[in-house]
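K.L.:
Quick one: structure below, then a few questions.
The values are calculated or read from the model by the stated rules, or taken from the named source; none is laboratory data. Just so it is clear, the model here is predicted, and its values are computed rather than measured. Virtual Cβ from ideal backbone geometry, glycine too; neighbours counted across all protein chains shown.
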Amino acid sequence: MKVDKENGNKFLFVYGTLMQDFSNPFSKKLKQKGIWRGKGSFPGQLFDLGSYPGAVYQPGATTHVQGEVWELTDFQKTITSLDHYEGIHDFNPEYVRQEVPVELENGETIHCRVYLFCQSVISFRLIAHGDYRKWLSETEQHL
């Protein structure tokens, strides 16, 4: 999968409520305005924040955050809407949007934008395996 240099990087990595199988309006919007490119992961940690997760990117970590890669067909319009959903422009935001290297299942690495948790994680439970869907299943919660 090659990045279109003329149009820039249009890839988004999601690891929580924006993934397939979630039924919120923004997950549905992503399915309508994006092309699913497969599963992937990046080095870091995933935390249970209550009704959604938060990921921290840690280059060189031995743990990984699992998720999905989407290519946005109308990048600017879709990312503006998702920025609102993630609250990155709030006074004291929980998330920042950053570009990180994501390893796809086929071993290829691409740079994707991802919403990373930017608050203290000290009071939140670590999801050691880094897979939010699996975590919900293990804790008997629903998508």
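K.L.:
Need the failing condition index for E103 against (1) outside any loop (DSSP other than H, G, I, E, B); (2) touching a Lys or Arg at 6+ places or on another chain (Cβ under 9 Å); (3) among the charged types (D, E, K, R), just the number.
P.N.:
Failed condition: (2).
K.L.:
Something else about it: Within region 10-32, can you find the residues that are small (G, A, S) and either out of contact with any Pro (no Cβ under 7 Å at 6 or more places or on another chain) or surrounded by fewer than 20 Cβ atoms within 10 Å (Cβ to Cβ) (or both)? Give the derivation first.
P.N.:
At the first step, the residues of region 10-32 found to be small (G, A, S) are 16, 23, 27.
Of everything in region 10-32, those that are small (G, A, S) and either out of contact with any Pro (no Cβ under 7 Å at 6 or more places or on another chain) or surrounded by fewer than 20 Cβ atoms within 10 Å (Cβ to Cβ) (or both) turn out to be S23, S27.
K.L.:
Across region 74-93, what is the number of residues that are over 19 Å from R37 (Cβ atoms), among the aliphatic types (A, V, I, L, M) and in a helix (DSSP H, G or I)?
P.N.:
Number satisfying all stated conditions: 0.
K.L.:
On to the next question. Only one of these is out of contact with any Asp or Glu (no Cβ under 7 Å at 6 or more places or on another chain) and closer than 17 Å to K39 by Cβ: V121, V96, V100. Name it.
P.N.:
V100
K.L.:
Just checking, does region 106-113 include any residue being farther than 22 Å from Q32 by Cβ and in contact with a Leu (Cβ under 6 Å, 6 or more places away or on another chain)?
P.N.:
Looking for residues that are farther than 22 Å from Q32 by Cβ and in contact with a Leu (Cβ under 6 Å, 6 or more places away or on another chain), one finds none in region 106-113, hence no.
K.L.:
Related question: Is one or more of the residues making up region 36-44 touching a Gly at 6+ places or on another chain (Cβ under 8 Å), farther than 18 Å from R113 by Cβ and buried (at least 16 other Cβ atoms within 10 Å of the Cβ)?
P.N.:
No, every residue in region 36-44 fails to be touching a Gly at 6+ places or on another chain (Cβ under 8 Å), farther than 18 Å from R113 by Cβ and buried (at least 16 other Cβ atoms within 10 Å of the Cβ).
K.L.:
Still on this structure, I have one more. In region 107-125, how many residues are surrounded by fewer than 16 Cβ atoms within 10 Å (Cβ to Cβ), more than 15 Å from Q58 (Cα to Cα) and in contact (Cβ under 8 Å) with a residue 60 or more places away in the chain?
P.N.:
Qualifying residue count for the region: 2.
K.L.:
Report, by residue number, each residue of region 1-51 that is modelled with pLDDT under 95 and among the hydroxyl-bearing types (S, T, Y).
P.N.:
Listed by number, the residues that qualify are T17, S23, S27, S51.
K.L.:
Can you name the condition, by its number, that K77 falls short on among (1) surrounded by fewer than 16 Cβ atoms within 10 Å (Cβ to Cβ); (2) under 24 Å from S137 (Cβ atoms); (3) charged (D, E, K, R)?
P.N.:
(2)
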